[in-house]
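For reference, the structure discussed in these notes is given below.
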Amino acid sequence: MLAKITDAPKLKNPNIRQLSLLLAGLYTIYAVTQLFSFEDFVLLTKSFDLFGSAILSTVLASLIVIGEVFSLPYLLRIRVSRLMRVFSMVCSWFVAIIWLIISLWLVSTINAVPSLGLFGGLLDVEPGWWSVFFSLSLVILNIWIAWGMWPLSKKLSKRVA
C-alpha cells in the first residue's frame, strides 16, 4: 500500500504550491552550489567544530546535500509512493532543522568561520543572528508546507498509527 505510486494529496490552500516551489528552488540552489564546491563545503563543515570529528563533519556535509535533493519530490509534488513522499518531507524538515542547529552553534560559540555554507564554498555568507532567524523561517516554512501538503490521508494515518 505504501509502495504504490500515487498523486500528491490535494492542497489545503492554493498558496502552499507557491511556498513549496520557493522552498524547492532554495534547496535546489543550495544543493547545486554545495555539490559544485563539495570539497570546500566539507572543509567548511569541518571548521564548524560541531562534532569535533572530521569524519562526522564529512558525513554531515553529505547528509545536508542528500537531504536537499531528496526533499524535492515532496516539495515539487512529484508522483511517488506515499512512503517516498513521507521520507521526502522528513528530509525537508531535516535540512531546515540542521541549518538552524548550525546557525545557533556558530552564533553561540566563539568560532570564527568565514561562511555559513548555505552556498557551499562559492559564496561567503557570514554567520550571525540573521542566519538564525533565516533558518528559523525555513523551519516555519516547512511546518506551513507540511500543514498544506500532508502526504498521508487521514485513513492511512490512522492505520499507520
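The values are calculated or read from the model by the stated rules, or taken from the named source; none is laboratory data. Being a predicted model, the structure only gives us computed values, none of them experimental. Note that each Cβ is placed from the backbone with ideal geometry, even for glycine, and that neighbours are counted across all protein chains shown.
Give the residue that is farthest from Lys4 (Cα to Cα), with candidates limited to residues of region 76-92 that are among the β-branched types (Val, Ile, Thr) and part of a helix (DSSP H, G or I).
Pass one, region 76-92, residues among the β-branched types (Val, Ile, Thr): 78, 80, 86, 90.
Imposing the further condition that a residue be part of a helix (DSSP H, G or I) reduces the set to 86, 90.
Working: Val86: 13, Val90: 19 Å.
This residue is Val90.
Just give me the residues in region 103-156 being more than 21 Å from Gly67 (Cα to Cα), among the hydroxyl-bearing types (Ser, Thr, Tyr) and assigned to a helix (DSSP H, G or I), in sequence order.
Ser108
Suppose we filter region 29-57 for residues that are closer than 23 Å to Leu122 by Cα and touching a helix residue (DSSP H, G or I) at 6+ places or on another chain (Cβ under 7 Å); how many remain? Break it down stepwise before answering.
First, the residues of region 29-57 that are closer than 23 Å to Leu122 by Cα: 29-50, 54-57.
Subsequent filtering for residues that are touching a helix residue (DSSP H, G or I) at 6+ places or on another chain (Cβ under 7 Å) retains 30-31, 34-35, 41-42, 45-46, 48, 50, 54, 57.
Residues meeting the conditions: 12.
Please verify whether region 16-24 includes one or more residues that are of a type in the set (Lys, Arg), assigned to a helix (DSSP H, G or I) and at pLDDT 90 or above. Explain how you work it out, then say what you get.
We begin by selecting, within region 16-24, every residue of a type in the set (Lys, Arg); these are 17.
Add one more test, that the residue is assigned to a helix (DSSP H, G or I), and what stays is 17.
Now drop any that are not at pLDDT 90 or above, which leaves 17.
So far as region 16-24 goes, yes, one or more of its residues are of a type in the set (Lys, Arg), assigned to a helix (DSSP H, G or I) and at pLDDT 90 or above.
Residues to consider are Val113, Val86; find the one that is surrounded by 16 or more Cβ atoms within 10 Å (Cβ to Cβ) and within 19 Å of Leu56 (Cβ to Cβ). Let's see the steps before the verdict.
Working: Val86 fails: within 19 Å of Leu56 (Cβ to Cβ).
Of the residues listed, the single one that is surrounded by 16 or more Cβ atoms within 10 Å (Cβ to Cβ) and within 19 Å of Leu56 (Cβ to Cβ) is Val113.
Need pairs with beta-carbon distance below 9 Å; first residue more than 21 Å from Trp93 (Cβ to Cβ) and within region 44-71, second in a helix (DSSP H, G or I) and of a type in the set (Phe, Trp, Tyr); sequence gap 6+ or separate chains.
As it stands, the answer is Asp49/Trp105, since those pairs meet every condition given.
Being in contact (Cβ under 8 Å) with a residue 60 or more places away in the chain and over 20 Å from Trp93 (Cβ atoms) is the filter here, so list the residues in region 18-38 that pass it.
Of everything in region 18-38, those that are in contact (Cβ under 8 Å) with a residue 60 or more places away in the chain and over 20 Å from Trp93 (Cβ atoms) turn out to be Thr33, Leu35, Phe36, Ser37, Phe38.
Does region 116-150 hold any residues that are more than 17 Å from the chain's Cα centre (by Cα), in contact (Cβ under 8 Å) with a residue 60 or more places away in the chain and surrounded by 13 or more Cβ atoms within 10 Å (Cβ to Cβ), and which are they?
Step one: of region 116-150, the residues more than 17 Å from the chain's Cα centre (by Cα) are 121-130, 148.
Now restrict to residues that are in contact (Cβ under 8 Å) with a residue 60 or more places away in the chain: 121-123, 148.
Passing the criteria: Gly121, Leu122, Gly148.
Of the residues that make up region 53-75, is at least one of a type in the set (Phe, Trp, Tyr), crowded, with 17+ Cβ neighbours inside 10 Å, touching a strand residue (DSSP E or B) at 6+ places or on another chain (Cβ under 9 Å) and assigned to a helix (DSSP H, G or I)? Before you say what the answer is, go through the steps one by one.
Restricting attention to region 53-75, the residues satisfying the condition of being of a type in the set (Phe, Trp, Tyr) are 70, 74.
Imposing the further condition that a residue be crowded, with 17+ Cβ neighbours inside 10 Å reduces the set to 70, 74.
Next cut, touching a strand residue (DSSP E or B) at 6+ places or on another chain (Cβ under 9 Å) only: 74.
In the following step, the residues that additionally are assigned to a helix (DSSP H, G or I) were identified as 74.
Yes, region 53-75 contains at least one residue that is of a type in the set (Phe, Trp, Tyr), crowded, with 17+ Cβ neighbours inside 10 Å, touching a strand residue (DSSP E or B) at 6+ places or on another chain (Cβ under 9 Å) and assigned to a helix (DSSP H, G or I).
Quick check on my filter: what residues within region 79-105 are among the basic types (Lys, Arg) and touching a Phe, Trp or Tyr at 6+ places or on another chain (Cβ under 7 Å)?
The first filter runs over region 79-105 and keeps only residues among the basic types (Lys, Arg), leaving 79, 82, 85.
Answer for region 79-105, where residues must be among the basic types (Lys, Arg) and touching a Phe, Trp or Tyr at 6+ places or on another chain (Cβ under 7 Å): just Arg85.
Return yes or no: is Phe41 closer than 21 Å to Pro151 by Cα, out of contact with any strand residue (DSSP E or B) (no Cβ under 6 Å at 6 or more places or on another chain) and either without any contact (Cβ under 8 Å) to a residue 60 or more places away in the chain or crowded, with 20+ Cβ neighbours inside 10 Å (or both)?
Numbers: closer than 21 Å to Pro151 by Cα: no; out of contact with any strand residue (DSSP E or B) (no Cβ under 6 Å at 6 or more places or on another chain): yes; either without any contact (Cβ under 8 Å) to a residue 60 or more places away in the chain or crowded, with 20+ Cβ neighbours inside 10 Å (or both): yes.
Against the criterion (closer than 21 Å to Pro151 by Cα, out of contact with any strand residue (DSSP E or B) (no Cβ under 6 Å at 6 or more places or on another chain) and either without any contact (Cβ under 8 Å) to a residue 60 or more places away in the chain or crowded, with 20+ Cβ neighbours inside 10 Å (or both)), Phe41 does not qualify.
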